[in-house]
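S.K.: Take a look at this one; I'll ask things after.
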Amino acid sequence: MALFLSTIINRMDSKCRVSVPSTFRSSLKSQSFKGIIAFPSYNNRSIDACGIQRMENISNSLDSENYSREEFDLISMYFGEAEQLPFDKDGRVTLPKKLINHAEIDKNVMFVGLGPTFQLWNPESYEKKKINMIKIAQEKKINPRLRPIPKGM
């Protein structure tokens, strides 16, 4: 299973190409599709991304899991919005304009590891979200424990 850790900023060039961090590429090297799957986040102004294996696992679960109609519709929308972005010889992907616009990315792209998935952010937007998340955690005295990520996140 792919595992994505750390936060890394890379520059997007004028052709909308950005280098995927080498540690992220290494996590994906055994997968059948040499690239990433990316789609707009519906919770943030960011891009959600993962490897093809995760999408295949979700697809396979559609027949065996009991999803509510709303969950099934949302998963279906993710598949419809997903873009397969292959790596070029230099480990870059070309970001589609619709994803760039959704995440309000200009020149720099922040890759944020989320364990089994990752996100691409405008660095300024992520910093604002990070400050807000820390503030909420402090106010609510939330102390993250090492337990599984809730299903569907």
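For every residue, the table says whether it meets (1) surrounded by 17 or more Cβ atoms within 10 Å (Cβ to Cβ); (2) in contact with a helix residue (DSSP H, G or I) (Cβ under 9 Å, 6 or more places away or on another chain).
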residue	(1), (2)
SER14	no, no
VAL18	yes, no
PRO21	yes, no
PHE24	yes, no
LYS29	no, no
ALA38	yes, yes
MET55	yes, yes
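S.K.: Report every pair of residues separated by at least 6 positions or lying on different chains whose Cβ atoms are under 9 Å apart, first residue within segment 31-53 and over 15 Å from PRO86 (Cβ atoms), second modelled with pLDDT of 95 or more and basic (Lys, Arg).
M.R.: Sorted first by the residue in segment 31-53, then by its partner, the pairs are PRO40/LYS98; ASN44/LYS129; ARG45/LYS129; SER46/LYS129.
Yes or no, residue by residue, for (1) of a type in the set (A, V, I, L, M, F, W, C); (2) closer than 22 Å to PRO96 by Cβ:
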position: LYS29; (1), (2): no, no
position: GLY35; (1), (2): no, yes
position: PRO40; (1), (2): no, yes
position: ARG45; (1), (2): no, yes
position: ASP48; (1), (2): no, yes
position: MET55; (1), (2): yes, yes
position: SER59; (1), (2): no, yes
position: LEU62; (1), (2): yes, no
position: ARG69; (1), (2): no, no
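S.K.: So which residues in segment 2-40 are on the phi > 0 side of the Ramachandran plot and touching a Lys or Arg at 6+ places or on another chain (Cβ under 9 Å), if there are any at all?
M.R.: CYS16
S.K.: In segment 1-45, how many residues are closer than 16 Å to THR94 by Cα and either of a type in the set (Val, Ile, Thr) or assigned to a loop (DSSP other than H, G, I, E, B) (or both)?
M.R.: Qualifying residue count for the region: 13.
S.K.: Ok, one more. Test SER76 against the criterion of being surrounded by fewer than 17 Cβ atoms within 10 Å (Cβ to Cβ), part of a helix (DSSP H, G or I), modelled with pLDDT under 95 and touching a Phe, Trp or Tyr at 6+ places or on another chain (Cβ under 9 Å), and give yes or no.
M.R.: Considered against the rule, which asks whether it is surrounded by fewer than 17 Cβ atoms within 10 Å (Cβ to Cβ), part of a helix (DSSP H, G or I), modelled with pLDDT under 95 and touching a Phe, Trp or Tyr at 6+ places or on another chain (Cβ under 9 Å), SER76 comes out as no.
The values are calculated or read from the model by the stated rules, or taken from the named source; none is laboratory data. These numbers were taken from a predicted model, which means no experiment stands behind them. With ideal geometry, Cβ positions are generated from the backbone for all residues, glycine too; neighbour counts draw on all protein chains shown.
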